[in-house]
Amino acid sequence: MKPGDLGRGLLLAAQLAVSSIAPASAQSDYPTRPIHLYVGFAAGGGNDIFARIVADKASQILGQTVVVENKPGGGGRLAPEYTLQQPADGYSLVVGPSGAMAIAEAIYPDLKYSPTKDFVPIAMIAHFPLIMVIGADNPSKNLKEFVAWMKQHPDKANYASTSPSFTIVTELLKLKSGMPGTTIPYKSSNEMNLAVIQDQAAMAIADGPPTIPQVKAGKVKAIAVTGKERSEELPDVPTMIEAGYPDVSVELWSGVFASVKTPPAIIAKLQKAFGEAISDPGVSQKLKVLAVNPGGATPEQFSKIIQSDIVKFGDVVKAANLKFEE
């Protein structure tokens, strides 16, 4: 061995030791800078509002700002794609709704990410049923009567929809009830409700925040909610189970996800922090005002829900032979 070899060997060993310690130290100190939370929709939408409510509280718990950034496009799919392009170090998270993190896998064969293989659930922010509404002047008093009415009036049998999420749930009802119905596309839930009000569409299955005010104003008639329990905002409206269609018991959801390559220690910190944020009474109340149910599932339970939904919605797509444009 040459005189300088021993010194160089010791230096190399020291460098390797430091490099092996550095990642562990970075994980234990995490977070040391702001965390970015990407939302696949424009500011002001439901998922954006969910993200900002939870991010404020998570920032307090983590001791670093959680910055919400909007990456709209592709029906919410652009944000997960963008997140996977960032370093998997816990500083890039995504708010994933059921449309982008379950339904997308069921309907887009060329999806650029796998919700179950590329991401790990951090926390379910909220889960919520959809509300089925019909025209205020429709003579049907309940869902069974409305199904019969649609069969008796095939020329009027259509429904409003704005996204694959709403379309798939309506098609599921058609499969289980034998009810006819042709999709009429709209750009927003507000437009969907207006179409029913103006008798341009016989029905719609839509989200709560824009729909409940129209129901309470008497402009549309709610005949079922798709959740397992009745909505606190509409206590007199039966669930699909109570209405006789238990297979149409469907809830949509929204949650926080990280790249599956993120170190486990950081994943654990994030799950704990966001879990605490969502269960905070103030945060829960803000979410309930939006007609959604806060949290309600552990990360493990959330993962099983996602996998189950992918299978369920995939079966509906196949059975109804649905085609969706990219």
State whether one or more residues within the stretch 252-270 are in contact with a Ser or Thr (Cβ under 7 Å, 6 or more places away or on another chain) and farther than 30 Å from TYR30 by Cβ.
yes
LEU322 passes all but one of the listed conditions (1) within 20 Å of VAL169 (Cα to Cα); (2) open to solvent by less than 40 Å² (accessible area, probe 1.4 Å); (3) modelled with pLDDT of 90 or more; the exception is number (3)
Out of the stretch 71-112, which residues are within 16 Å of ALA258 (Cα to Cα), open to solvent by 30 Å² or more (accessible area, probe 1.4 Å), of a type outside the set (Lys, Arg) and part of a loop (DSSP other than H, G, I, E, B)?
GLN85, GLN86, PRO87, ALA88, ASP89
Can you confirm whether GLY227 is of a type in the set (Gly, Ala, Ser), in contact (Cβ under 8 Å) with a residue 24 or more places away in the chain, surrounded by fewer than 19 Cβ atoms within 10 Å (Cβ to Cβ) and out of contact with any helix residue (DSSP H, G or I) (no Cβ under 7 Å at 6 or more places or on another chain)?
no
Looking only at the stretch 113-137, count every residue that is farther than 30 Å from ASN158 by Cβ, β-branched (Val, Ile, Thr) and open to solvent by less than 10 Å² (accessible area, probe 1.4 Å) and tell me the total.
2
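Being under 22 Å from ILE168 (Cβ atoms) and touching a Pro at 6+ places or on another chain (Cβ under 7 Å): is that true of SER249 here?
no
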Does the stretch 23-43 contain at least one residue that is part of a helix (DSSP H, G or I), in contact with a Gly (Cβ under 7 Å, 6 or more places away or on another chain), at pLDDT below 95 and open to solvent by less than 30 Å² (accessible area, probe 1.4 Å)?
no
Filter the stretch 222-246 for residues that are of a type outside the set (Lys, Arg) and within 20 Å of the chain's Cα centre (by Cα) and give the result.
VAL225, THR226, GLY227, GLU229, SER231
Being out of contact with any helix residue (DSSP H, G or I) (no Cβ under 9 Å at 6 or more places or on another chain) and either on the phi < 0 side of the Ramachandran plot or part of a helix (DSSP H, G or I) (or both): is that true of ALA297 here?
no
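The values are calculated or read from the model by the stated rules, or taken from the named source; none is laboratory data. Small disclaimer: the values here were computed from a predicted structure and weren't measured. Neighbour counts are summed over all protein chains in view; Cβ atoms, including those assigned to glycine, are modelled from backbone coordinates with ideal geometry. Remember, those area values only see protein heavy atoms, side chains included, never the ligands or the DNA or RNA. Shrake-Rupley method; radii C 1.70, N 1.55, O 1.52, S 1.80 Å.
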